[in-house]
Amino acid sequence: MSLQVLTVDDLEKFRVQLLSDIENLLNTKQPRKWLKTQDVMEMLGISEITLQNLRNRGQIPFRKLGGTCYYSAEEIDDYLTKSKYTSL
C-alpha cells in the first residue's frame, strides 16, 4: 500500500479546475424546450396574424397558460421539416 501526499499546491490546482468546470457548466446554453409567440414568429419569419391562422387551422400545436401561448420547440422543428417544400 503506497502513501500519497497532497500538497497545498495540489489542492489549489484542484480548486481552480473544479471552479472552471462549474463555470463551464453554468455557461453552457441548454436548448429551449418551449418557445413563446415572438420566438416562433422570428423563427418562421411570419406575422402574428399568420401564426394565429396556423394555430386556428391546427397546423402548429400550442399550449396556452395564463393567456400566453407556448410552442414546443420540437414540434416547431417538425413543422419546419414537413413544410420544407411548401410555403407558409
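Under the definition of Cα pairs under 8 Å and six or more residues apart, what whole-number percent is the relative contact order of segment 1-72?
Rounded, it is 28 percent for segment 1-72.
Once you list every other residue whose beta carbon is under 15 Å from the beta carbon of residue 74, what net charge do they have if Lys and Arg are +1 and Asp and Glu are -1?
Working: positive: 32, 33, 63, 82; negative: 39, 75, 77, 78.
Result for the local shell: 0.
Starting from the Cα of residue 15, step 7 Å along the direction of its Cβ; do the same at residue 47; then give the gap between the two resulting points in nm.
It works out to 6.1 nm between the two label points.
Could you give the size of the charge dipole of the chain about its Cα centre, using +1 on the Cβ of each K and R and -1 on the Cβ of each D and E, expressed in debye and rounded to the nearest 20?
Its charge dipole is roughly 640 debye.
Would you mind counting up the charge near residue 31? Only other residues with Cβ under 11 Å from its Cβ, with Lys and Arg at +1 and Asp and Glu at -1.
Once all neighbours under 11 Å are counted, the net charge is +1.
No value in this document is a laboratory result; all are computed from the given coordinates. Just so it is clear, the structure is predicted and the values come from calculations on it, not from any experiment. Glycine also receives a Cβ, built like all others from the backbone with ideal geometry; neighbour counts cover every protein chain displayed.
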